[in-house]
Amino acid sequence: MPEQHLSDAELAAQPAAYWTGIANEALVAYTRARLAEKGCTQPQFWLLRNLSADDISPDGAGMTLPELQEAMASYIRREDDLVSDAAELVRRGWLRQDAGGALWITEEGEQARLGLKRNAPAIRAVLHAGISDEDYVTTVKVLRRFIRNAGGTTAP
């Protein structure tokens, strides 16, 4: 669909929820496509990150799937299937599961996480092309204000 030109006044009258929804879908789809090119789903990358002591996990301790689902509740999507994603990572040797059901990242998984992480700057560069850091910061501040105005809370 061709992009139509809207005046500033027309843009100002547009619902923020429409644009944030469109932006969210486009950004997530782009990021997931880049990860898929590397043979990984975004939820698999999140599993690795949440289990790595060098990333999100504070101590590198194993976590059960329910604990991981709770830890990722603010960003996991309805269609994501952590059970099958975790099973695939166990099959690859990137995670191991102990007798209590906790998943642990392996050395191979840590190396995979680091390899996937190296792609983040290229993904960011494409998504931020033509957007100054100043404009980006302003956008985030505006979004945080929308969230507070709607009764939500923002982390950090």
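The values are calculated or read from the model by the stated rules, or taken from the named source; none is laboratory data. Quantities reported herein were computed from a predicted structural model and do not represent experimental measurements. Glycine gets a Cβ as well: all are built from the backbone with ideal geometry, and neighbour counts include every protein chain shown. For the accessible areas, the whole protein counts, side chains as well, though only heavy atoms, and no ligand, DNA or RNA atoms are used. Shrake-Rupley method; radii C 1.70, N 1.55, O 1.52, S 1.80 Å.
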For the chain, longest principal axis from Cα atoms; helix 133-149 axis from its Cα atoms; angle between them, nearest 10 degrees, is 90
Rounded to 10°, Cα long-axis angle of helix 16-37 versus longest principal axis of the chain | 40
Roll a 1.4 Å probe over the protein chains and send me the accessible area per residue for the chain in Å².
-> 67
For the chain, what is the calculated [θ] at 222 nm in deg cm²/dmol (nearest 500), taking -39500 (n - 2.57) for each run of four or more DSSP H residues and dividing by its residue count?
-> -18000 deg cm²/dmol
Using only Cα atoms, find the angle between the long axis of helix 107-117 and the longest principal axis of the chain, and express it within 0 to 90 degrees, rounded to the nearest 10.
-> 10
Ranked from highest to lowest mean number of other Cβ atoms within 10 Å per residue, what is the order of the peptides 147-154, 71-78, 103-110?
-> 103-110, 71-78, 147-154
